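FYI, it's all coordinate maths here, none of it is from the lab. Since the model is a prediction, treat every value here as computed from it, not as a measurement. Here Cβ is always computed from backbone atoms with ideal geometry, including for glycine, and neighbour counts include all displayed protein chains.
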Amino acid sequence: MKTLFRRTIMAGAAMLALPLLAAAPARAATELRIMWYSDANEGDVMRDLLDRFEKANPDIKVVLDRVPYKTITDNLPALVSSGQAPDMARVTDLGGQSSYYLNLTPYLKDKAYWETNFKDVLPWVRPAGETDGVYGLMTQLTITMPIVNETLFQQAGIPLPGPTATWDDWAKAAKAVAAKLNVPIPIAIDRSGHRIAGPAISYGAKFFSADGQPALVDDGLKTMARKIYDWHKDGVMSKAIWGSVGGAAYRGANEEFSNGQVVLYMSGSWQFGQFAKTVGDGFDWHGVPNPCGPAGCSGMPGGAGLVAYKTSKHPAEIGKLMDYLASEPVYAEFHARTLFLTAHKGLMAKGISYAADKPQIKKSLDAAFANVKALSPVAFQLQGYRLNRVLFTPLTVRLNQAISGEMSLDDAFTRMTQDMQDGLKAAGAK
C-alpha cells in the first residue's frame, strides 16, 4: 500500500508540474554568434532585422557581439587562426582571412540569386584559387571620397573647388580657409594605405606590373606620397592624425571633423550615417567628387562583408540566416536605413528609397554614386587582390615614419618595396 500511495503522490505531483513546464520559454536549439562593428547605426538596424529572423525561426538565436573596429582588425585574425573564430563576423579585410571562410553554397536555397545580384563582389571574399562559391555577403559597398565642411568655406568667403579640381586645388583652398578661420586641420586623410591608394591611382600609380604581379612603388605613388609628406611640413595636414599612432594602426579623423576642426576630410561613404547623427545641424557638410590627377579622379571601392567560418558547428543555420539577410526586401531595408551604397545589382537598377531627411545626405549619396562611376580599373584590381594588405600596410607604416622624421622619403620607398616582398613571401605568394 505504501508503494502504491507513493506512486500516486508522485504521479499527481508530476501532473501539477506540467503547466509550469509548459509555461517555461522554449530555448533555441541553435545559437549563432556574430562579431560585429559599426560605423554608425548599422548595428541597431541589424539587431532589428535579426529579431524578426528569430521570431520566424524560434529554433535559432543570433547573438550580435558588438565590438570596436579595432577589435576586428587587431584581435579577430588571431582568434580565427587559433581556431577560436565566432560563427560569423563583419570584416573589411575581405581576402586576408578568406582561407578560413565557410563555403555557403551547399546551405543556400538559390545560388543563382546570389550569382546574379552579387557577381561583382563575390570574388572579393573567395579564397585564393577559387572561382566559384559563395563565401560571404557584402553588408555595404563603399567608396573612398572627401567630405567637406561647406560652412567653413562660406564663412571664409572662399568658393568650393569644382568637380574637376585637383588635389593641389583642394590643398590650396583648404589651407586658405583654415588660415582665415584659424581651423587646426585643413586636410585630414585617414591613416590607411587604402585611403591613399585612390589619390595615388589618380596620379598614375599602377600597384601591379604589366604581368599582374604586385608592384607598390612607381612614379605615380611617389608623386602622391610626396604630396602628403610635403603637406605635413607646410601645415596642410596635421601630425595629430598620422603621427599620433605607430605601426600599421588605423587612425581616422571623424571626431575632429564632427567638431569642426577639419576643412576637408578624405575618408568615405560609410561616414555619412555617422555625420548625420554627430554633426546634426551643427554645420553644412557633404561628400564631394574625388579630386583629380593626370590619370583620373579615382577613389577606392571597398566595403564590409559578413562572413562565416569553417569552424562553426551550425553551417545550415548560417545558410538560412544569410539567405534571409540577402533577400531583396531585407537587404534593401538595411541599406535604406543605414544610408549605405548597395552591392545588389537588382537594387542598383531599381534604386533604394533612402531614409534620409537631410539635404547633405542626398548630396553626399549623389556624389558617391558619381565617384563609383569614376573608379579606375586599377582600383577594382587592387581591391579584389586578396593580399592587398601586403601593399597597404608598408605604404602606411613607411610613409608615416618619413612624416615623423624617422627616415627619409626615399628610404621609405625602398623599405616599402622590401616590406611588400617580405609580406608576399610570408603569405606564400609567388
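Observations on the model:
- Between Arg47 and Tyr324, the simple spin-label model (points 7 angstrom out along Cα→Cβ) gives 1.7 nm.
- Principal axis dimensions, the stretch 64-213 - Cα atoms, whole angstrom, descending: 60, 39, 30
- Flagged links, alpha-carbon separation over 25 Å, of Lys109/Lys350; Lys61/Lys277; Lys206/Lys350; Lys61/Lys310; Lys175/Lys373: Lys61/Lys277; Lys206/Lys350; Lys175/Lys373
- Taking θ as phi - 60° and the Karplus parameters 6.51, -1.76 and 1.60, the scalar couplings of the stretch 412-429 work out to 4, 4, 4, 5, 4, 5, 5, 4, 4, 5, 5, x, 5, 5, 5, 7, x, 8 Hz in sequence order, x denoting glycine and proline.
- Cβ-based net charge around Val148, under 13 Å, with every Lys or Arg adding one and every Asp or Glu removing one: -2
- Proximity of backbone amide H atoms, modeled 1.01 Å from N, is registered between Gly303 and Thr142 at under 5 Å, excluding neighbours fewer than 5 places apart on the same chain.
- When the stretch 318-419 is reduced to its Cα atoms, the Kirkwood hydrodynamic radius in Å: 17.2 Å
- Semi-axis lengths (Å, descending) of the ellipsoid that matches the C-alpha gyration tensor of the stretch 324-370: 19, 12, 7
- Net charge over other residues, Cβ less than 11 angstrom from the Cβ of Thr73 (K, R count +1; D, E count -1): 0
- Thr278 sits among other residues whose Cβ lies under 13 Å from its own Cβ, and their net charge, with Lys and Arg +1 and Asp and Glu -1, is -2.
- Taking 13 Å as the cut-off, the amide N atoms of the stretch 222-264 that come nearer than this to a point 7 Å along the Cα-to-beta-carbon line of Ser404 belong to 239-251.
- Note on the stretch 38-115: semi-axes of the ellipsoid equivalent to its C-alpha gyration tensor, largest first and rounded to whole Å, are 22, 19, 13.
- From least to most packed, judged by other beta carbons within 10 angstrom and beginning with the fewest, Met348, Met138 follow the order Met348, Met138.
- Per residue of the chain, the DSSP helices (runs of n ≥ 4 H) give a summed -39500 (n - 2.57) that works out to -14500 deg cm²/dmol at 222 nm.
- Rotationally averaged projected area of the stretch 176-258 (alpha carbon convex hull; nm²): 6.3 nm²
- The coefficient of translational diffusion for the stretch 239-346, derived via Stokes-Einstein from the alpha carbon Kirkwood radius under 37 °C and 0.692 mPa s, stands at 188 µm²/s.
- Alpha-carbon centroids, the stretch 290-343 and the stretch 59-75: separation in whole Å: 16 Å
- Here's the list of lysines a cross-link from Lys172 could span, going by alpha-carbon distance under 26 Å and ignoring same-chain residues fewer than 8 apart: Lys180, Lys222, Lys227, Lys233, Lys239, Lys363.
- With eigenvalues of the C-alpha gyration tensor scaled by 5 and rooted, the chain, Å: 46, 26, 20
- For the stretch 223-256 versus the stretch 357-427, the gap between their alpha-carbon centres in whole angstrom: 13 Å
- At full extension, Lys109 and Ala316 could sit 73.5 nm farther apart than now, given 0.36 nm per residue minus the alpha carbon distance.
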